[in-house]
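Structure first, commentary second.
The values are calculated or read from the model by the stated rules, or taken from the named source; none is laboratory data. Small disclaimer: the values here were computed from a predicted structure and weren't measured. Cβ coordinates were reconstructed from backbone atoms using ideal geometry, including for glycine residues, and neighbour counts include every protein chain displayed. Areas reflect the complete protein model, heavy atoms only, side chains present, ligands, DNA and RNA absent. Shrake-Rupley method; radii C 1.70, N 1.55, O 1.52, S 1.80 Å.
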Amino acid sequence: MHPPKCKSLEAVEVILGCLQGVLYLLLREQHFKGLVQIQFGRKRYVFVPDGEVERVRRFLATCMTFAAQLDLSLERR
């Protein structure tokens, strides 16, 4: 039931190269638009559109200083 052209949170975490806490902070602050949520029973799965993942990746790569990347455990790729 994986939506087309969307990535799971685990894949987004790897692509952005950040800790899980930073990813959840970005989600809570609504930096991702167009999230797709699918619920099976009590479990909720969240998927992020590919374009939003790339947009946030570019944002983190351009505006973060090296010291901030070290503090947030971000990898610059």
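Only a single criterion out of (1) touching a strand residue (DSSP E or B) at 6+ places or on another chain (Cβ under 8 Å); (2) under 16 Å from Ala61 (Cβ atoms) is not satisfied by Lys5, namely (2). Gln30: modelled with pLDDT of 90 or more, under 23 Å from Met1 (Cα atoms), outside any helix (DSSP H, G or I) and among the polar types (S, T, N, Q), yes or no? Judged against the criteria, Gln30 is not a match.
Scanning region 12-27 for residues that are small (Gly, Ala, Ser) and free of Cβ contacts under 8 Å to residues at least 12 places away in the same chain yields a single hit, Gly21.
When you scan region 37-65, how many residues do you find that are open to solvent by less than 60 Å² (accessible area, probe 1.4 Å), farther than 12 Å from Val12 by Cβ and of a type in the set (Val, Ile, Thr)? Looking only at that region, the number is 1.
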